[in-house]
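Asks: This is the structure I want to talk about, given as C-alpha cells.
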Amino acid sequence: MLSEHTIAIVKSTVPLLAENGQAISQDFYKRLFANNPDLQHIFNMANQRSGSGGQSSALADAVFAYAKNIDQIDVLVPAVKRIASKHASIGIEPKHYPIVGENLIAAIQDVLQLPDNHEALIAWEEAYGALAQIFTDTEESMYSEKATQPGGWRGFRPFTIQRIVAETPDVKSFYFKPTDGGAICSYSGGQYLGIKLAGTGDSYDEIRQYSLSSWGAEDYYRISVKAQTQGAASQQLHQCVVGDTVELSAPNGQFLLNKNAPKHVFISGGVGITPLYSMLKEALASGIQAENVQFVECCRSAEHQIFHEELTELEKTTGLNLKRAFEFGEGADWVGYLSADILNTWLTDKTAHVYFCGPLPFMAALKGILNSIGFADDQLHYEVFGPTTELPTTH
C-alpha cells in the first residue's frame with residue numbers, strides 16, 4: 001500500500017510527465033537496450049526502428065495514466081490486463097521488472113534534471129515497485145492458468161508447421177501442431193498466440209502476436225498473416241515451409257466476445273478479419289442464433305477476400321447476415337469506404353455490440369461513424385496490434 005505522501009508526490013509530477021513523457025520514454029529505451037542488449041530478443045525492435053515514436057508514445061501514455069490514477073488503481077485494471085496479456089505472450093518474467101524500473105527512474109532523473117535522492121525519484125521508485133508487483137501477480141496468474149489447463153504450457157513450446165494455405169496474394173494461413181505430439185489447450189475467439197522466430201547470425205529473435213484465425217475443437221492452431229513490406233517477422237514467416245518449427249506461447253488476450261450482448265456485429269478491415277472470424281465461429285457454436293449476428297467484411301477487392309469460402313459456407317448453412325464492402329471491383333454489397341449512411345442501413349439494431357479490427361485509420365474512422373449513428377463506447381470492442389492501444393482521432 002502506497003503512503004498518502006508518495007501518492008501526492010507522484011500525482012504532482014503529472015504536469016511534468018505530460019510535458020516530457022516522450023523524451024523520458026526515448027531516454028529510457030536508449031538506456032535499456034544499451035545496458036541490456038539481450039532484451040532485444042524479447043522486445044519488438046521494429047517498433048524501435050520505425051522512427052514513428054509509437055513505442056515511446058505508448059510508454060509515455062502508460063506512465064502518465066498510472067501517475068494520474070495512482071489513487072484509484074481500479075481504473076487501470078482493463079489496461080493492466082491488456083498489457084499483462086501481451087507480456088505473457090512474449091515471456092516477460094519477474095526478473096525483468098527491476099531492470100525496467102532502474103532504467104525508467106534513471107531516465108526520469110536525466111530528463112527532469114533531478115539530483116540524487118530527490119523526493120520525486122524516491123516516490124517514483126516506490127510507486128513503480130507497486131505497479132511492478134501488480135503486473136507480476138497478474139502475469140503469474142495467466143501463466144499458471146495456461147500451464148494447468150489440459151494441453152497447456154508455460155513459456156514457449158516448439159510447434160511444427162503442418163499446412164500452409166494462400167488465402168490472398170499477400171496473406172497465408174499457417175497450421176501448427178505441437179512438435180512433441182501432445183495436446184493443445186483451448187482458447188477463446190479473439191485471442192492470439194505469441195510466435196518466436198529465431199534470429200539468424202547477428203540478428204535478434206523476433207516475437208510477435210498473431211490472432212488465432214479459427215475456433216473449435218481442432219488439434220491445431222491456425223494464424224493468418226499478411227506479408228508486410230517492412231515486417232521482419234511476417235516476411236520471415238512467409239518464407240517458412242511445411243515441416244519448419246517455430247516456438248509458440250499459449251493463447252492469450254482480452255479481446256473477447258460479450259455473450260451477454262443481445263446482438264453481435266463484426267466489422268473487419270483486411271487481415272483484421274482474423275480475430276473476428278474466430279469470434280464469429282465461437283458465437284455460432286455457443287448457441288447464439290445467426291439472426292442475432294452480422295458480419296461485415298471490408299477489403300480491397302474480390303481477390304483480397306480472406307476466408308471467402310468459409311464465410312460463404314456459414315452464410316449458407318446458418319443464415320448468417322453477411323455483407324461485403326470492396327474498395328473497388330465487382331461482387332460486393334457496397335463499393336467504396338464505409339459511410340454512416342450504409343452502416344445505418346445495415347446495422348438497424350442499435351442495441352448490438354460491435355467488434356472491429358483492421359488498420360488504425362480504418363478503425364478510427366469506423367469508431368467515429370458508429371458513435372455518430374447511435375452506438376455508445378461501451379458497445380464497441382476493438383483490438384489494436386502494435387505499441388499503442390489508442391485509436392487516432394479523426395475529424
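Asks: Could you count how many residues in region 94-127 are touching a helix residue (DSSP H, G or I) at 6+ places or on another chain (Cβ under 7 Å) and charged (D, E, K, R)?
Replies: Adding up the residues that qualify gives 4.
Asks: Continuing with this model, one more query. Which of (1) surrounded by fewer than 18 Cβ atoms within 10 Å (Cβ to Cβ); (2) modelled with pLDDT under 95 does Asp244 not meet, given it meets every other one?
Replies: (2)
Asks: Can I ask one more? Can you confirm whether Leu32 is modelled with pLDDT under 90, crowded, with 18+ Cβ neighbours inside 10 Å and either touching a helix residue (DSSP H, G or I) at 6+ places or on another chain (Cβ under 8 Å) or assigned by TED's automatic domain parsing to the domain that holds Glu125 (or both)?
Replies: no
Asks: Taking into account only those residues within region 364-380 that are assigned to a helix (DSSP H, G or I) and aliphatic (A, V, I, L, M), which is surrounded by the fewest Cβ atoms within 10 Å (Cβ to Cβ)?
Replies: Checked region 364-380; the qualifying residue surrounded by the fewest Cβ atoms within 10 Å (Cβ to Cβ) is Ala364.
Asks: I would also like to ask the following. With the requirement that a residue be surrounded by fewer than 18 Cβ atoms within 10 Å (Cβ to Cβ) and hydrophobic (A, V, I, L, M, F, W, C), what does region 106-120 give you?
Replies: The answer is Ala106, Leu112, Leu114, Ala120.
Asks: Evaluate the following for Ile134: is it assigned to a loop (DSSP other than H, G, I, E, B) and aliphatic (A, V, I, L, M)?
Replies: When the stated conditions are applied, Ile134 does not pass them.
Asks: Hey, another quick one. What number of residues in region 184-199 are outside any strand (DSSP E or B) and within 21 Å of Leu39 (Cβ to Cβ)?
Replies: 2
Asks: Yes or no: region 277-288 includes at least one residue that is within 23 Å of Thr351 (Cβ to Cβ), acidic (Asp, Glu), part of a helix (DSSP H, G or I) and modelled with pLDDT of 95 or more.
Replies: yes
Asks: Can you pull out the residues in region 341-363 that are surrounded by 19 or more Cβ atoms within 10 Å (Cβ to Cβ) and among the aliphatic types (A, V, I, L, M)?
Replies: Leu343, Leu347, Val354, Met363
Asks: Kindly check whether there is at least one residue in region 300-309 that is assigned to a strand (DSSP E or B), in the same structural domain as Gly368 (by TED's automatic domain parsing) and in contact (Cβ under 8 Å) with a residue 24 or more places away in the chain.
Replies: Taking every residue of region 300-309 in turn, none turns out to be assigned to a strand (DSSP E or B), in the same structural domain as Gly368 (by TED's automatic domain parsing) and in contact (Cβ under 8 Å) with a residue 24 or more places away in the chain.
Asks: Further question on the same structure: How many residues, within region 120-178, are without any contact (Cβ under 8 Å) to a residue 60 or more places away in the chain, touching a Phe, Trp or Tyr at 6+ places or on another chain (Cβ under 7 Å) and β-branched (Val, Ile, Thr)?
Replies: So the answer is 1.
Asks: Here's a follow-up. Go through Ala332, Ala325, Ala352 for me and flag whichever is in contact with a Phe, Trp or Tyr (Cβ under 9 Å, 6 or more places away or on another chain) and over 16 Å from Val265 (Cα atoms).
Replies: Ala332
Asks: Across region 12-21, what is the total count of residues that are buried (at least 16 other Cβ atoms within 10 Å of the Cβ) and either at pLDDT below 90 or among the basic types (Lys, Arg) (or both)?
Replies: Final tally of qualifying residues: 2.
Asks: Could you please find all residues in region 65-76 being surrounded by fewer than 19 Cβ atoms within 10 Å (Cβ to Cβ) and not in a loop (DSSP other than H, G, I, E, B)?
Replies: Answer for region 65-76, where residues must be surrounded by fewer than 19 Cβ atoms within 10 Å (Cβ to Cβ) and not in a loop (DSSP other than H, G, I, E, B): Ala65, Lys68, Ile73, Asp74, Val75, Leu76.
Asks: Take the residues in region 163-173 that are of a type outside the set (A, V, I, L, M, F, W, C) and assigned to a strand (DSSP E or B); name whichever of them is surrounded by the most Cβ atoms within 10 Å (Cβ to Cβ).
Replies: Glu167
Asks: Looking at region 234-271, which of its residues are touching a helix residue (DSSP H, G or I) at 6+ places or on another chain (Cβ under 6 Å) and charged (D, E, K, R)?
Replies: Lys263 - this is the single residue of region 234-271 that is touching a helix residue (DSSP H, G or I) at 6+ places or on another chain (Cβ under 6 Å) and charged (D, E, K, R).
Asks: Among the listed residues Tyr210, Tyr204, Tyr187, Tyr221, identify the single one that is among the hydroxyl-bearing types (Ser, Thr, Tyr), buried (at least 20 other Cβ atoms within 10 Å of the Cβ) and out of contact with any Gly (no Cβ under 9 Å at 6 or more places or on another chain).
Replies: Among Tyr210, Tyr204, Tyr187, Tyr221, only Tyr221 is among the hydroxyl-bearing types (Ser, Thr, Tyr), buried (at least 20 other Cβ atoms within 10 Å of the Cβ) and out of contact with any Gly (no Cβ under 9 Å at 6 or more places or on another chain).
Asks: Moving on. Among the residues of region 255-270, is there at least one that is loosely packed, with under 15 Cβ neighbours inside 10 Å, part of a loop (DSSP other than H, G, I, E, B) and under 20 Å from the mean Cα position of the chain (by Cα)?
Replies: Yes, the conditions are met somewhere in region 255-270.
Asks: So in region 174-184, with the set limited to residues that are in contact with a strand residue (DSSP E or B) (Cβ under 8 Å, 6 or more places away or on another chain) and surrounded by fewer than 18 Cβ atoms within 10 Å (Cβ to Cβ), which one is nearest to Pro251 (Cα to Cα)?
Replies: Per the stated criteria, the residue is Lys177.
Asks: Just to be sure before I move on: is Ala147 among the small types (Gly, Ala, Ser), crowded, with 16+ Cβ neighbours inside 10 Å and either outside any strand (DSSP E or B) or not assigned by TED's automatic domain parsing to the domain that holds Tyr29 (or both) in the structure I sent?
Replies: Considered against the rule, which asks whether it is among the small types (Gly, Ala, Ser), crowded, with 16+ Cβ neighbours inside 10 Å and either outside any strand (DSSP E or B) or not assigned by TED's automatic domain parsing to the domain that holds Tyr29 (or both), Ala147 comes out as no.
The values are calculated or read from the model by the stated rules, or taken from the named source; none is laboratory data. The structure displayed is predicted, hence computed values, not measured ones. Positions of Cβ are backbone-derived with ideal geometry, glycine not excepted, and every protein chain shown enters the neighbour counts.
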